[in-house]
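Colleague: One structure is given below, represented as structure tokens, and several questions about it will come after.
Please treat every number below as a calculation from the coordinates, not as lab data. Note that this is a predicted model, so its numbers are computed, not measured. Positions of Cβ are backbone-derived with ideal geometry, glycine not excepted, and every protein chain shown enters the neighbour counts.
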Amino acid sequence: MQTRRRFNQFALAGLTLPAAMAARAQDRGIVLGQSVPLTGPAAQLGLQMQLGARAYFEAVNAAGGVGGMPIVLKTLDDGYDPVRCKANTEKFIRDEVFALFGYVGTPTSLAALPLATAARMPFIAPFTGAESLRDPFNRLVFHIRASYYDETELIVKQLTQLDLKKIAVFHQNDAYGQAGLKGVQRAMEKRGLQPAAVATVERNSVDVVGALKSLLPAQPEAIVQISAYKSCAAFIREARKAGWGGQFYNVSFVGTQALADELGKDAAGVVVSQVMPSPFGTAAGLVSDYQQALQRLDAKAAPNYTSIEGYLAARVVVDGLRRLGSRPTRDGLVAALETLSGYESRGYRLQFSPTRHVGSNFVELSMLTGDGKVRR
């Protein structure tokens with residue numbers, strides 16, 4: 001269920017690119033700025049998000065671009081650090097990129113959002129489900145994924161249907177972790193429950209000793225994890241070594257394939273909520289297009305949930321741009337994106353409107369296997 005959103009009170013007139021800037025956009029192509037982790041413990045999230053986007057943008061450029069202009073994706077490494085992300089965003093604004101695109105993470109996106117809003121620059125498809133980026137409503141921001149509230153609701157619903165009610169939470173000690181924790185608490189309160197225990201890990205850290213000491217003595221039946229793949233994998237391994245035999249659940253931001261790769265055979269039975277259609281197997285439409293584009297870009301690349309999100313994000317931007325004339329403007333892009341609907345695939349549907357910028361509430365659960373696969 002979507003929360004009610006309030007409208008930001010800012011003038012829309014300034015969204016339009018000055019004529020000189022529109023001319024520069026034509027000269028150099030349509031430039032999108034992306035700040036993601038390319039190094040550090042969350043690097044696979046940024047690398048895969050970038051890879052999926054490139055797969056689509058390069059296919060579009062090979063066919064002549066949009067209105068004869070290429071799409072240029074400028075990606076800067078922020079190491080999943082809000083301070084670095086803020087600096088990257090300031091650079092993009094100075095460089096007058098056309099829009100901000102495909103950022104990865106809640107704390108980093110929150111560091112960038114005030115800058116984007118002040119510059120009246122579209123902020124499209126951040127890789128985060130945090131409610132703080134959705135409410136209050138901001139006309140510049142477009143989400144292609146469900147929220148952490150949606151994900152944690154489904155997780156808690158399944159656990160309680162399995163009569164597992166002693167649920168603990170392991171979360172990153174930042175805005176992302178707090179968003180996920182709030183989602184779990186919200187879902188549990190609806191059922192007259194509260195977390196059995198809560199423990200944290202610092203962002204970009206795998207020091208889980210304190211969290212283990214806090215959670216395992218509470219003897220939870222299940223632990224919901226709200227962190228990135230390195231710390232979640234470290235906690236799972238150490239908990240199993242300590243003899244804990246309960247069930248692990250993760251939200252999508254963990255990085256499904258990266259978590260499976262980190263854990264190896266220890267991944268067996270770990271559940272991850274997904275907000276994208278399954279990227280695996282044979283399929284028609286969106287998923288088939290994604291698989292073919294990925295293979296054209298890199299024959300060795302294997303499909304995964306993170307790169308299909310980058311691919312879908314790129315399709316959304318391009319479809320918006322194709323609705324514009326020969327002199328694209330930021331305000332025109334915002335208005336065009338508000339008309340988009342479609343992308344139906346395996347239960348997933350994307351739809352925007354002038355009052356709805358969260359395009360999907362789709363969530364399903366998947367389970368990791370010990371041989372690195374993902375089972376739906």
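Colleague: Once label points are set 7 Å from the Cα along Cα→Cβ at both GLN292 and ALA63, what is their separation, rounded to one decimal in nm?
Modeller: Between GLN292 and ALA63, the simple spin-label model gives 0.9 nm.
Colleague: How long, wide and thick is the chain, going by the Cα atoms along their three principal axes, in whole angstroms, largest first?
Modeller: 64, 46, 34
Colleague: Measure nothing but the geometry: give the 0 to 90° angle between the long axis through the Cα atoms of 106-118 and the longest principal axis through the Cα atoms of the chain, rounded to 10°.
Modeller: Compared with the principal axis, the helix lies near 30 degrees.
Colleague: P(r) of the range 148-274 in 10 Å steps, Cα pairs, percent per bin?
Modeller: 14, 52, 33, 2
Colleague: What is the angle, in °, between the Cα long axis of helix 175-189 and the longest principal axis of the Cα atoms in the chain? Nearest 10 is fine, range 0 to 90.
Modeller: That works out to roughly 60 degrees.
Colleague: I would also like to ask the following. For a quick protection proxy, order the peptides 120-130, 261-271 by their average other-Cβ count within 10 Å, most packed first.
Modeller: Result, highest mean Cβ count within 10 Å first: 120-130, 261-271.
Colleague: So, one more: Evaluate the distance, in nm, between pseudo-label points positioned 7 Å from the Cα of PHE137 and of ARG349 along their respective Cα→Cβ axes.
Modeller: 2.0 nm
Colleague: Still on this structure: Compute the angle between helix 43-62 and the longest alpha-carbon principal axis of the chain, please, reported from 0 to 90 degrees and rounded to the nearest 10.
Modeller: Roughly 30 degrees between the two axes.
Colleague: Which FRET efficiency, nearest 0.05, do LYS190 and ARG323 yield, Cβ-Cβ r, R0 30 Å?
Modeller: For LYS190 and ARG323, the calculated efficiency is 0.15.
Colleague: Please state the Cα pair-distance histogram of the range 123-202 with 5 angstrom bins from zero: what percent is in each bin?
Modeller: For the range 123-202, the binned pair fractions read 3, 15, 24, 21, 17, 11, 6, 2, 0 percent.
Colleague: Please order ARG296, ARG139, ARG315 by the number of other Cβ within 10 Å, starting at the fewest.
Modeller: With the sparsest Cβ surroundings first, the list reads ARG296, ARG139, ARG315.
Colleague: Same structure again: What is the sum of charges around LEU154, taking Lys and Arg as +1, Asp and Glu as -1, for the other residues whose C-beta is under 15 Å from the C-beta of LEU154?
Modeller: The answer is +2.
Colleague: Within the range 86-109, what residues put their amide N at less than 13 Å from the label point 7 Å along the Cα-to-Cβ vector of ARG28?
Modeller: What the label zone holds, given the 13 Å backbone N cut-off, is 91-99.
Colleague: How far apart, in nanometres, would the label points at THR339 and SER214 be if each is projected 7 angstrom from Cα along the Cα-to-Cβ direction?
Modeller: Reported label-point gap for THR339 and SER214 is 5.0 nm.
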